[in-house]
Ligand code: F6R
């Protein structure tokens with residue numbers, strides 16, 4: 001696992017964008033795994049800039065999002081569908097037919113989850129997966145205690161995660177209680193993973209991820225087993241890490 005520490009959020013976003021762009025240029029029909037939340041917004045902004053100013057071409061790219069709240073329709077302004085179109089997809093030339101996001105309104109959630117897993121396999125698997133990290137060490141909505149081999153399924157959100165996400169809703173009661181999420185096993189099958197972390201409130205989770213034991217109580221620690229996982233963290237998120245384990249991007 002490579003740990004890169006950047007001076008701030010902006011540099012973290014640009015470093016990640018460089019790597020995503022390199023993948024898209026090397027393999028124009030690559031499959032990207034994408035995350036929502038505050039952390040990747042700067043990455044999407046930089047990729048949009050690269051599309052507009054440098055002609056970065058997403059026309060053959062396929063995307064799979066990690067997760068979606070159960071019960072929120074795609075047009076709800078806190079759904080992850082809405083987030084992805086507003087922050088990224090509507091600004092680039094991705095083919096909407098190649099965009100996959102879990103269906104929070106699926107009638108049969110189990111059937112949908114199986115279909116999602118199969119669809120990822122049918123397109124050849126995820127080439128590059130982008131992740132954020134929860135302050136409790138979750139990746140996607142795989143909360144502490146999730147099985148390390150888990151696949152796409154419905155999960156109950158922890159109170160701490162609902163509290164973290166309440167800032168986007170008018171009150172915590174409005175934050176959905178369930179989400180559909182790719183599993184840790186699904187994520188670990190990606191050829192390459194980039195986990196982004198920014199801010200002091202991620203420092204403890206990042207320390208456990210990089211230096212702690214591999215444990216279901218910190219789902220992100222599973223990345224220690226991945227062949228090609230890179231963590232790009234800003235100084236604040238990396239503030240508790242052993243300095244000998246990190247590198248500064250050139
Ligand atoms: C979102 C996701 C979550 C977030 C995590 C961090 O698709 O998978 O695991 O990455 O909750 O969220 P932010 O970036 O808002 O701190």
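Quick one: residue 8 ticks every box in (1) within 16 Å of the ligand (Cβ to nearest atom); (2) in contact with a helix residue (DSSP H, G or I) (Cβ under 9 Å, 6 or more places away or on another chain) bar one, so which box is it?
That leaves (2) as the condition not met.
Spot the failing condition for residue 167; the list is (1) touching a residue at least 40 places away in the same chain (Cβ under 8 Å); (2) more than 15 Å from residue 117 (Cβ to Cβ); (3) surrounded by fewer than 21 Cβ atoms within 10 Å (Cβ to Cβ), and only one is missed.
Single failed check for residue 167: (1).
Just to verify a result, which residue in the stretch 58-71, among those that are surrounded by fewer than 19 Cβ atoms within 10 Å (Cβ to Cβ) and more than 15 Å from residue 33 (Cα to Cα), is farthest from the ligand (Cβ to nearest atom)?
Checked the stretch 58-71; the qualifying residue farthest from the ligand (Cβ to nearest atom) is 59.
Within the stretch 27-57, take every residue that is part of a loop (DSSP other than H, G, I, E, B) and surrounded by 19 or more Cβ atoms within 10 Å (Cβ to Cβ) and give me the one that is farthest from the ligand (Cβ to nearest atom).
56
So which residues in the stretch 77-98 are crowded, with 16+ Cβ neighbours inside 10 Å and either away from the ligand (no atom under 14 Å from the Cβ) or over 20 Å from residue 177 (Cβ atoms) (or both), if there are any at all?
Correct list: 84, 85, 87, 88, 89, 91, 92, 94, 98.
Where in the stretch 106-224 are there strands (runs of 3 or more DSSP E), lying fully within it, with 3 or more residues that are more than 25 Å from residue 42 (Cβ to Cβ) and away from the ligand (no atom under 11 Å from the Cβ)? Full working, then the answer.
Numbers: elements: 128-131, 153-156, 178-181, 192-197.
Those strands (runs of 3 or more DSSP E) span 153-156.
All of the numbers you see were taken from the coordinates with simple rules; none came from a lab. Fair warning: this is a prediction, and the values are worked out from it, not measured in the lab. Cβ sites come from the backbone with ideal geometry, for glycine too, and all protein chains shown count toward neighbours.
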